[in-house]
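Structure record follows, encoded as structure tokens.
The values are calculated or read from the model by the stated rules, or taken from the named source; none is laboratory data. Values in this document were obtained by computation on a predicted structure and should not be read as measured data. All Cβ positions, even for glycine, are placed from backbone atoms using ideal geometry, and neighbour counts span all protein chains on display. All accessible areas refer to the heavy atoms of the entire protein, side chains included, with ligands and DNA or RNA removed. Shrake-Rupley method; radii C 1.70, N 1.55, O 1.52, S 1.80 Å.
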Amino acid sequence: KPAAVESLTEDTMKVIIAGSRGFRPEQCRELLRMDIKNAVSNGIGITEVVCGKSRGGMDKYAREWAAENSVPVSSFGANYDALRAFAGYSRNDDLVKHGEALIAVTNGTAGTEHLIHVARQSGMPVFVIAVSYVNEVPSKS
């Protein structure tokens, strides 16, 4: 295990859960479960979920997972009225200030990639599943 992971105490982990938009609900749930399993197997104990306030996407499923596992949630919204195009980036900074580790699922969108970058710069443990397609429906042959 990386030294940063070994030094973590499982009883105080505020974990950011975030991801790109556009995944189907079943994709969100499955990718989130996979990423959480990876983080937990590397010593990350999730005692608080930190996420955005979106009504859909990974924010929704992060809150759903937290409720299923009796874990409290801290949500941070983006102030689009005041910050316009920079609102999401500002919210990402707030997430990283509050969180201690990041679990992210990305398909390469700018917002999630920015969050991953800022989290890595902070030195926190980062667990990422990168997906190269979204909403692809297998053809019936």
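Think of a 1.4 Å ball rolled over the protein heavy atoms: the range 38-91 then has 54 Å² of accessible area per residue.
Extent of the chain along its three principal axes (Cα atoms, max minus min coordinate, largest first): 49, 42, 28 Å.
Roughly how many debye, to the nearest 20, is the charge dipole of the chain about its Cα centre, given +1 on each Lys and Arg Cβ, -1 on each Asp and Glu Cβ, and no other charges? Walk me through the numbers on the way to the answer.
Numbers: 16 positive and 16 negative charges, 79 e Å.
That gives a dipole near 380 debye.
Just by accessible area at a 1.4 angstrom probe, what is the order of Y61, Y80, Y89 from largest to smallest?
Numbers: Y61 15, Y80 115, Y89 85 Å².
Largest accessible area first, the residues go Y80, Y89, Y61.
The count of lysine pairs in the chain with alpha-carbon distances below 19 Å, taking only pairs 8 or more places apart or on different chains, stands at 7. A full extension of the chain between S70 and E26 corresponds to an added length of 13.7 nm, given 0.36 nm per residue minus the alpha carbon distance.
Ranked by the mean number of other Cβ atoms within 10 Å of their residues, highest first, the peptides 50-60, 120-130 come out as 50-60, 120-130. Note on K53 and S132: with the Förster distance fixed at 41 Å, the Cβ-Cβ geometry gives a FRET efficiency of about 0.90.
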